[in-house]
Amino acid sequence: MGIGHTRWATHGKPSEENAHPHANASGTLMLVHNGIIENYQTLRHQLAARGYTFSSETDTEVVAHLIDAEYDGDLVQAVKRALRKVSGTFGLVVMHARHPEQLVAARRGSPMVLGVGNGEMLVASDVAAFLRLTDKVVYLEDDDVVSITRQEFVIDTLADERVERQAQQIEWQPDAVELNGYPHYMLKEIFEQPEAITNALRGRLLPGEGIANLGGLRSVLDRLKEAHHLVIVSCGTSYYAGLYGRYVFEKLTDLIVEVEVASEMRYRKTNIRPGSVVLAISQSGETADTIAAMREAGRKGALLLGLVNVVGSTISRITEAGVYNHAGPEIGVASTKIFTSQCCILVMMALLLGRCKHLSITDGMEIVAGLERLPEQIAAVLKQADYIRTIAEAYARYRNFLFIGRKYNYPIALEGALKLKEISYVHAEGCAAGEMKHGFIAMIDENFPTVCLATKDTTYEKTLSNMLEIKSRNGKIIAVATEGDEEIAHIADHVIYTPPNLDFLQPIPAAVALQLFAYYSAVARGCEIDQPRNLAKSVTVE
């Protein structure tokens, strides 16, 4: 039996003293904790007044001493009494020397799943942690407290109510969390995108009717048909997928669409009201700010939808309906296959609603055909990996990049810049190409390259004009363009070509090209790829 935690210190510098696990003074009680204890300073002062001393700067050590202060022989009750005094979020596991066959786990706000193995029990913050050992999991709810032994688990709540939660069988296969010959999970997941997109589309398109069949939305479809207002709520890469989705929803439906950063929306006075539809996008389904924003929207009477990859995650449980990615686990911190999967699913959602209203069957059939071409088009981009690597290596010495795009390509430019920042630690900014002359172009010179998203669409000529403006200021240009575009090769220093498709679908293969560019840039710079500094896969705190 044991516990461990791979994380940096939220409070205090990363150091041996601040690292997990944390213990009481005698070392008889130890715990690991994911989350933030908001009232830890108050608790720390109270415990200090009772004679407790602290060896770290963390909030977690406070919980260890607090449980110790409540302990009278019953570890479960000590944990409950202590946590009733705690404000904040926690996913924690406690062990005690006097209870050598027992672990006690609890959650509020932070993800936690229980794995039911063969003669063993496992607890983790993500299914992928124990996928090699079991495919049977129990998803814990907020304020659950679970006593775990080798053979069984018993779940209570902080209010001392016994609850029954059934184990679920997960669909992911154990080899999904293996590298399978790839040097990094990120590269593996980039190359898994044809399959991930195929899985996202499988069984969800009706080519003869030009419509999407999304079973997860069937129960609320009548309410969606009546809706006029859609708010997309997300963070990070999922936020950029939402920005892309806004353009597509506006093209294919008559909805008024807003896209909100969840960490801002949760504190704003919004115009959400009964009849509004709020769609949360999250890879993990456990993003703390997105969950809080959704709960606030629910209080205002909105219809809550989710687009998540993890079955049984918190967002999947608090929403009334939604769609799963079915993309398999994504291990690399920098999201790749989930982003393109999200974009494809957002197109299908817009197609479904559009066809329920004004969108013609002919237009629908054309969109379905375009979606079905995406897996092979992404595969065509992946075949250029060596070529993209040579470009990345040629630009590895540069410390600043600008990414630009218009319309559907604008969110892809933002996402491309984010990918480069996340794993290569290079300063990169994304902007709408039309905004370039409102400040961004002041940075352009021979040492500040620009990545231009210039696939063929209604804004193509304007994007070419932006590229010429950069060229005239000695800026180097890497262009992502549509196959057959010879004109752009006379302007850009390097061109990465992607296959032609409908104008709003071309950015999806283009995003894959930018993922490869970011990956090979980070490799050339000698950076950590799968676990970039200061970042977490699932952001479960504010």
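Rounded to the nearest 10 degrees, the inclination of helix 236-252 to the longest alpha-carbon principal axis of the chain is 50 degrees. Once the Cα atoms are used to define both axes, helix 337-355 deviates from the longest principal axis of the chain by about 70 degrees. Protection proxy ranking, highest mean first, for peptides 158-165, 299-306: 299-306, 158-165, where packing is the per-residue count of other beta-carbon atoms within 10 Å, averaged. Of all aspartates and glutamates in the structure, those lying under 19 Å Cα to Cα from residue 437, and not within fewer than 8 positions of it along the same chain, are 429, 445, 446, 461, 469. Per-residue packing, averaged as other Cβ atoms within 10 Å, sorts the ranges 185-197, 353-365 into the order 185-197, 353-365, beginning with the highest.
Going Cα to Cα from residue 13, which aspartates and glutamates come in below 12 Å? Please leave out same-chain ones fewer than 8 positions away. Candidates past the 8-residue exclusion: 57. Residue separation of residue 299 and residue 468 scaled by 0.36 nm, minus their Cα-Cα distance, works out to 55.8 nm of gained length. Once the chain from residue 318 to residue 213 is taken as fully extended at 0.36 nm per residue, the excess over their C-alpha distance is 35.5 nm.
What does the C-alpha gyration tensor say about the overall shape of the stretch 175-383? Classify as rounded when a/c is under 1.5, otherwise prolate if a/b is larger than b/c, or oblate. It comes out oblate by the Cα gyration axes.
Would you please put 439-445, 309-315, 499-505 in order of how densely packed they are, using the mean number of other Cβ atoms within 10 angstrom per residue and starting with the highest?
Highest to lowest by the protection proxy: 309-315, 499-505, 439-445.
For the stretch 438-446, the Karplus equation 6.51 cos²θ - 1.76 cosθ + 1.60, evaluated at θ = phi - 60°, returns couplings of 9, x, 4, 5, 5, 7, 6, 7, 5 Hz by residue, with Gly and Pro reported as x. Contact order, relative form, for the stretch 1-118: 27 percent (alpha carbon pairs under 8 Å, 6 or more residues apart, mean separation divided by residue count).
The calculated FRET efficiency for the pair residue 132 and residue 195, based on their C-beta separation and a Förster distance of 22 Å, comes to about 0.60. Multiplying the residue separation of residue 524 and residue 180 by 0.36 nm and subtracting their alpha-carbon distance yields 121.6 nm. From helices alone, the chain scores -10500 deg cm²/dmol at 222 nm; the rule is -39500 (n - 2.57) for each run of n ≥ 4 DSSP H residues, then divide by the residue total.
Write down the percent of antiparallel bridges among all DSSP beta bridges whose residues are both part of the chain, to the nearest 5. Each step should come with its number before you reach the end.
On the way: 37 of 77 bridges.
Close to 50 percent.
For the chain, the longest principal axis of the Cα atoms and the long axis of helix 40-49 meet at an angle of about 20 degrees.
With a ≥ b ≥ c the root eigenvalues of the C-alpha gyration tensor of the stretch 475-542, is it rounded (a/c under 1.5), prolate (a/b larger than b/c) or oblate?
Numbers: a/c = 3.23, a/b = 1.74, b/c = 1.86.
Oblate, because a/c is 1.5 or more while a/b does not exceed b/c.
Judged by the ratio a/c of the largest to the smallest principal axis of the C-alpha gyration tensor, the stretch 285-377 counts as oblate, that ratio being 1.5 or greater while a/b is no larger than b/c. Charge dipole (Cα centre; +1 on Lys/Arg Cβ, -1 on Asp/Glu Cβ; no other charges) of the chain amounts to roughly 780 debye. Where in the stretch 109-130 does the label zone of residue 101 land, with the point 7 angstrom along Cα→C-beta and an amide N cut-off under 16 Å? Residues 119-121 fall inside that zone. Applying both filters, DSSP loop and at most 12 other Cβ atoms within 10 Å, to the trypsin sites (Lys or Arg not before Pro) of the stretch 436-542 gives 533. Note on residue 393/residue 360: beta-carbon distance plugged into 1/(1 + (r/R0)^6) with R0 of 45 Å gives a FRET efficiency of 0.40. Between the residues 28, 465, 534, the greatest Cα displacement towards the positive end of the dipole of the chain, with unit charges on the Cβ of Lys, Arg, Asp and Glu, is found for 465. Can you tell me which lysines have their Cα less than 22 Å from the Cα of residue 188? Leave out same-chain residues fewer than eight positions away. Once the sequence-local lysines are set aside, what remains near residue 188 is 337, 383, 419, 421, 537. Label-to-label distance, residue 256 versus residue 38, with points set 7 angstrom from Cα along the beta-carbon direction: 3.1 nm.
Here, each number is a calculation from the coordinates, and none is a lab measurement. All values derive from a computational prediction rather than experimental measurement. Using ideal geometry, Cβ is built from the backbone for each residue, glycine included, and neighbour counts are taken over all protein chains shown.
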